[in-house]
Amino acid sequence: MSSLSPSILSELEQQSIELPSWAFGNSGTRFRVFGTPGTPRDPFEKIADAAQVHAFTALAPSVALHIPWDMCDFGDLRRHAEDHGVRLGTINSNTFQDEDYKFGALTHEDDHVRRKAIDHHLACIDVMDQTGSRDLKIWLAEGSNYPGQADLRARQDRLHDSLQRIYARLGDDQRLVLEYKFFEPAFYHTDVPDWGTSYAQVAALGDKAMVCLDTGHHAPGTNIEFIVMQLLRLGKLGSFDFNSRFYADDDLIVGAADPFQLFRILFEVIRGDGLNNHDVAFMLDQCHNIEDKIPGQIRSVLNVQEMTARALLVDRDALAAAQSANDVLAANAVFMDAFYTDVRPALASWRESRGLSPDPMAAYLASGYQQRIAVDRVGGTQAGWGA
């Protein structure tokens, strides 16, 4: 068992991972959305479920909202969150479920459609004013399927103009965070397909515009930790959407497919002073299709915490010395020694010392909460894609 130094424990004490409200709703494959007993029927029940994750892990004090899926009285929702020991976080826009956006939203050739998409984002900023949220996160399902279908350059120009209008509405303490995605639902080209395009767009806007890196949004074989390094180096990494993928944008539990990749990413976050940095937000973006949702989120935040602890164990001095000496095997050994260290017993002991259960998953399952919501939440419409 590895012991964790006071300095590492101090870093872990500060760690905060935002949960997505939609992770508690129903989701599924391209072919079916699956329902589960106890699924929330409104944003208030989503917040109550998210608060369970924080109660058992002390890692998830905020919850991101999705507009219009989470429309409600936001003053009431903010008080409800505070009563449950959490707060409202990032506001996510939606320009991918409206008939008008079939051929684009912020990039659309029709000024009326583009104005509608811009107005939606301005309404999201109004929500931020009510919830106290800092970040407006934008993911655009825009692009084309066939060569010659669209004027690629003109779409970038229209995107810049649209983002400028949204950016101008931000308050002094608010940010615009632009996500990117390699493909889907557009397959020939996507308007924001990679970190470089996102960076180019936000750099043109100003200091309050940042890049969001979703760990499932890259071509196979992409060195994601290099992108993390570069965006931190440039001061433009605004947030993470942590999830895991085998093939595409699978939105699986973070660390499930490639825990070593998560370790490598977190090492670069630490190396670039991005850990527990107010300017770099950690968030999950996952869908739990076949597993229970609350345990899925508990497992996710614990995976991030565990790989953070391992990354903090890297002997940076020994690594730097080996790198300077071009000692390839020694440098790799330093890195791998930290990755292979089992920190789970030390983390369990540390949680116990803080009054938490050493095994949050077991404690949640024993609490009976899952059984209670399955009984209590009968009737109404379960939340899911589009609600």
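Output the number of the condition that residue 100 fails; it satisfies all remaining conditions of (1) under 25 Å from residue 163 (Cα atoms); (2) in a helix (DSSP H, G or I); (3) within 23 Å of the chain's Cα centre (by Cα).
Here residue 100 meets the rest and fails (3).
Looking at 215, 197, 222 in this structure, which one is under 26 Å from residue 291 (Cα atoms) and β-branched (Val, Ile, Thr)?
Among 215, 197, 222, only 215 is under 26 Å from residue 291 (Cα atoms) and β-branched (Val, Ile, Thr).
Select, from 101, 167, the only residue that is of a type in the set (Phe, Trp, Tyr), touching a residue at least 12 places away in the same chain (Cβ under 8 Å) and within 20 Å of residue 200 (Cβ to Cβ).
Residue meeting the stated conditions: 167.
A quick yes/no check of all residues on (1) at pLDDT 95 or above; (2) among the small types (Gly, Ala, Ser); (3) not in a helix (DSSP H, G or I):
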| site | (1), (2), (3) |
| --- | --- |
| 207 | yes, no, yes |
| 226 | yes, no, no |
| 230 | yes, no, no |
| 233 | yes, no, no |
| 247 | no, no, yes |
| 256 | yes, yes, yes |
| 263 | yes, no, no |
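Evaluate the stretch 178-185: report whether one residue or more is part of a helix (DSSP H, G or I) and among the acidic types (Asp, Glu).
No, every residue in the stretch 178-185 fails to be part of a helix (DSSP H, G or I) and among the acidic types (Asp, Glu).
Name every residue in the stretch 104-131 that is outside any helix (DSSP H, G or I) and open to solvent by 10 Å² or more (accessible area, probe 1.4 Å), in order of residue number.
108, 109, 110
Are there any pairs with C-beta distances below 8 angstrom linking a residue in the stretch 48-67 that is open to solvent by 20 Å² or more (accessible area, probe 1.4 Å) to a residue that is of a type in the set (Val, Ile, Thr) and not in a helix (DSSP H, G or I), with the two at least 6 apart or on different chains, and if so which?
Sorted first by the residue in the stretch 48-67, then by its partner, the pairs are 54/86; 61/86.
Of the residues 311, 318, only one is open to solvent by 30 Å² or more (accessible area, probe 1.4 Å) and in a helix (DSSP H, G or I); which?
318
Tell me which residues, restricted to the stretch 81-103, are open to solvent by less than 40 Å² (accessible area, probe 1.4 Å) and farther than 19 Å from residue 136 by Cβ.
86
So if I check each of 300, 357, which one is assigned to a loop (DSSP other than H, G, I, E, B), of a type outside the set (A, V, I, L, M), at pLDDT 95 or above and open to solvent by less than 50 Å² (accessible area, probe 1.4 Å)?
357 is the lone residue from the list that is assigned to a loop (DSSP other than H, G, I, E, B), of a type outside the set (A, V, I, L, M), at pLDDT 95 or above and open to solvent by less than 50 Å² (accessible area, probe 1.4 Å).
The values are calculated or read from the model by the stated rules, or taken from the named source; none is laboratory data. Source: prediction; values computed, not measured. Note: ideal-geometry Cβ built from the backbone for every residue, glycine included; neighbour counts use all protein chains shown. Surface accessibility is based on the protein's heavy atoms, side chains included, excluding ligands, DNA and RNA. Shrake-Rupley method; radii C 1.70, N 1.55, O 1.52, S 1.80 Å.
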